[in-house]
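Have a look at the structure below before the remarks.
The values are calculated or read from the model by the stated rules, or taken from the named source; none is laboratory data. Just so it is clear, the model here is predicted, and its values are computed rather than measured. Cβ atoms come from the backbone with ideal geometry, glycine included; neighbour counts cover every protein chain shown. What goes into the accessible areas is simple: the full protein's heavy atoms, side chains included, and nothing from ligands, DNA or RNA. Shrake-Rupley method; radii C 1.70, N 1.55, O 1.52, S 1.80 Å.
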Amino acid sequence: MFENFIYFDKVNDDRELLPMMSLEEEVNEEMSDGELPELLPVLALKNTVLFPGIIIPITIGRDKSIKAIQHAYANEKLLAVLSQKNMNVENPDQEDLYETGTVAKILKLFKMPDGTTTTILQGKARFALETITSDEPYMEGKVTTLQYIPAADELKFTALISSIRDIAGQIIKLSPNIPSEASVMLNNIKSDVFLLDFIASNLALQIEEKQYLLELSNLSEKANKILHHMKGEMQILMLKDEIETKVRGDIEKQQRDYFLNQQLKTIQQELGQSPHQDELREFEERADKKKWSKEVRTAFDKELNKVKRINPQMAEYSVVLNYLELMLDLPWNEFTRDNFNLKKVKEVLDKDHYGLEEVKERIMEHLAVLKLKGDMKAPILCLVGPPGVGKTSLGRSVANALKRKFVRMSLGGLHDESEIRGHRKTYIGAMPGRIIQSLRKAKSSNPVFILDEIDKVGKDFRGDPSSALLEVLDPEQNSTFHDNYLELEYDLSKVMFIATANSLASIQPALLDRMEIIQISGYSTEEKIEIAKRHLIPIQRKEHGLTAKLVTLREPTLKAIIQKYTRESGVRSLNRRLAGVMRHAAKQIALEEAEKVTVLAKDLHEILGPARFDKDLYSEIRVPGVAVGLAWTSVGGDILFIEASLSPGSGKVTLTGNLGDVMKESATTALSFIKAHGEALGIDPKKFSDTDIHVHVPEGAIPKDGPSAGITMLAALTSIFTDQVVKPFLAMSGEITLRGKVLPVGGIKEKVLAAKRAGMKQIILCAENERHVQEIKKEYIEGLDFIYVKRMEEVLKHALRSES
């Protein structure tokens, strides 16, 4: 507020230099019209407002202003001073000036050495401009003096003035640029009106706000307005002082801490003690026990010597210290001893997981070679299968069987390549990649390392993590894995990497080529019953505080839960349903409603609610144009109805049911084959051109694609054209060609088990798929009759029957 009122600073173009106040002579705040000449020269000021009693020096720049000053100085030395509304106007007229101003007396007029004219003005009284009477050679106008309206409540006005004086004193104390003598000067102002004008002049306000204060005639209103502005300025100064005090305190604390640390360091050196030296000495002792190669030891010694020369207070000290600690924590050439008791390993794997024979066999083969040879690179396996079949838990089971450490790293949603390779240690907050971090935690260089959800690795501007994994998963390269933070080669060749994925479609080919793919198909109902008996029920009993004597679930009950309350390839949903059954049993026993609970199939409606899925999806078809196909989904196999109908038209083909391009092409191929062999099939050629064909696959909300519905499309279309019904309880799956061949398809186990669940009795497959059927346990497919075909004509021969 008062920062500048003591000092002068020369400003051109009729601007205020800085306000001063007059203490030597009494200011006449209520000059009457009789004391003024009839006309007064008008002086326009830029960027300032002159208040009564205030003395300001100004430098005159405009010709009209110089002439007005000279004329006034030669006569009564009085001027009418008005502020400009717009400071950019160089030649203002009456519209450019405020109507209220201050009559000023010229105290001094002199020429400066640089040729400019400077004058010192003192405000005498407020006036209102009536009119500008002359514009040349200078502005001259007729004015009327303005009088202040006294406060209606003298006591309240006195309190206001007292508050203004107090806040002004506080502002002077808080402002470092205002000398303490300003308080004395403020106390010497006896006139309340002059005090208000003086403070208004020194407030840090815009020109419009100062002009508003000048125009106020009511002293109470003026005092209230000034007090409001002062309080705002006071708050800013207090906040500024608080910030400066906090910053000053923080700096002083840092200086104090540094000083005390230096003293402590000196004392410790005098006593022969130093925590930093002790830490480095401990590092050296640990390094002597490590099984390092010559290159690693050389790198460690180099970094250790560097850290000894760095001041512990510097940021680089902690960076190098963290790096040395990582080198010491990593298990260089430290391995756990494998369990070569192959029978015991087989027992552990069988105990933990039911089925999954191919994976177990591959682990056993690796151990057998390792036992005979003594040393070999670990295999890199990729387990591919639907969710919930035990891919991840199998990794932990393998680690337990081999007596190795277990590490799991989830790759789902990973976008940053640095998560694999790490950051360069020069960056602030740098850290090694998750491969090195995991080995550091495992404290072993040959753990079983699960790379979970490798098919869900992302890719964006931060890099491609799947490309970084190429080095990790290549047996020829991972013996010299390079982490950006470690900057040394680390041997990963003894690590048994097991990747898991739900689908191979999103894994890049180069990465896929480095892994040994093992397909894990979904479980059959019989397998799920065994898994529930051996693993899920004992776990759920334990988690709910129950024992085998307290709760019993028989096989028919388990079968009903699996078929009516779950539809999945794995057993996660089954586990949740069993948890619901156990909660119900626990509640009955806790409420003493029963001593022990035996859950029967008929009780499931009360415990788990209505059945969610219907086992008997298939019912006998008695109309032409409907065939049953087999589909593979992420949660296992399913049966698929394909419906065809004919209507009078022009040969237009309509395909509905949310079909993908490959499935649409299968329908087109089937129709082309039927047209080409129409005569042999007994179909009138005109029927193709005079009839519209509509093929629909129900459950239109679910996207469907793939070539395996080819023979089903063929059977449905031939059925509607020949008016022959497809045999009941018959399902089929196979790809077709225009030459009439039937090609093999995938997902046979899931599809066959789905057909069995739906109550189908016969299945038509490509002859080349016979080997896949033989891989399924015979007890799972008991009651199913398989028909293997090579040609599309064979499909029609076995699939269609005449409607009688």
Net charge over other residues, Cβ less than 9 angstrom from the Cβ of Leu394 (K, R count +1; D, E count -1): +2
Relative contact order, percent, the chain [alpha-carbon distance under 8 Å, six or more residues apart]: 7
Overall form of region 158-227 per C-alpha gyration tensor (a/c, 1.5; a/b vs b/c): oblate
Listed pairs Lys456/Lys778; Lys704/Lys778; Lys308/Lys494; Lys290/Lys405; Lys210/Lys240; Lys587/Lys749 exceeding 28 Å between Cα atoms: Lys456/Lys778; Lys704/Lys778; Lys308/Lys494; Lys587/Lys749
Å³ per residue enclosed by the Cα convex hull of region 754-804: 84
Surface accessible to a 1.4 Å probe, per residue, for the residues of region 324-481, Å²: 45
Cα-based helix-to-principal-axis angle, 342-352 vs the chain, degrees rounded to 10: 70
Alpha-carbon radius of gyration plus Dmax, which is the widest Cα pair, for the chain in Å: 47.9, 134
Computed [θ] at 222 nm, deg cm²/dmol, the chain (DSSP H ≥ 4; -39,500 (n - 2.57); rounded to nearest 500): -13000 deg cm²/dmol
Hits among aspartates and glutamates - C-alpha to C-alpha of Lys602 under 19 Å, sequence gap 8 or more where chains match: Glu555, Glu593, Asp614, Asp616
Set of lysines near Lys533 by C-alpha distance (under 16 Å), chain-local residues within fewer than 8 positions excluded: Lys351, Lys542, Lys549, Lys559
Gyration tensor (alpha-carbon) shape descriptor, region 502-605, a/c threshold 1.5: prolate
Computed magnitude of the charge dipole of region 423-578 (debye, nearest 20; Cβ of K, R +1, Cβ of D, E -1): 1280
Nearby lysines by direct alpha-carbon distance to Lys108 (threshold 16 angstrom, same-chain neighbours under 8 apart not counted): Lys10, Lys67, Lys77, Lys124
Residue-by-residue Karplus 3J(HN,Hα) for region 768-777, coefficients 6.51, -1.76, 1.60, Hz, glycine and proline x: 6, 8, 4, 5, 6, 5, 5, 6, 7, 4
Packing-based ranking, highest mean first, of 115-124, 622-631, 690-699 given that Cβ atoms within 10 Å are counted: 622-631, 115-124, 690-699
Point-charge dipole on Cβ atoms (K/R +1, D/E -1) for the chain, about Cα centre, debye to 20: 5720
Amide H partners (placed H, <5 Å) of Lys124, local residues excluded: Gly53, Val103, Ala104, Lys105
Helix 192-202 vs. the chain, principal-axis angle (Cα, 0 to 90°, nearest 10): 50
Whole-percent carbon and sulfur share, accessible surface of region 362-518, 1.4 Å: 51
Trypsin sites (Lys or Arg not before Pro) within region 712-804, DSSP loop, no more than 10 other Cβ atoms inside 10 Å: Arg739
Part-to-part distance (alpha-carbon centres) for region 108-176 and region 490-513, which is given in Å: 85
Cβ-based net charge around Gly660, under 13 Å, with every Lys or Arg adding one and every Asp or Glu removing one: -1
Given charges at Cβ of Lys, Arg, Asp, Glu: the chain dipole, positive-most of Phe194, Val359, Pro37: Val359
Under the Karplus curve 6.51 cos²θ - 1.76 cosθ + 1.60, θ = phi - 60°, whole-Hz ³J(HN,Hα) for region 501-507, x wherever Gly or Pro sits: 7, 8, 8, 8, 4, 8, 8
Acute angle (nearest 10 degrees) that the helix 391-402 long axis makes with the longest principal axis of the chain, alpha-carbon atoms: 70
Extreme residue, positive dipole direction of region 471-621, given options Leu574, Ala501, Leu486 (C-beta unit charges): Leu574
Mean separation of Cα contacts under 8 Å, 6 or more apart, over the residue count of region 411-503: relative contact order %: 38
Positive-end residue, the chain charge dipole about Cα centroid, Cβ charges, pick of Gly232, Ile167, Leu646: Leu646
GluC sites (Glu not before Pro) within region 432-529: DSSP coil, no more than 15 neighbouring Cβ in 10 Å: Glu476, Glu487
Long-range HN-HN contacts of Asn218 with modeled amide H, under 5 Å: Ile149
Dipole magnitude (debye, nearest 20) for region 198-251, charges at Cβ of Lys, Arg, Asp, Glu: 100
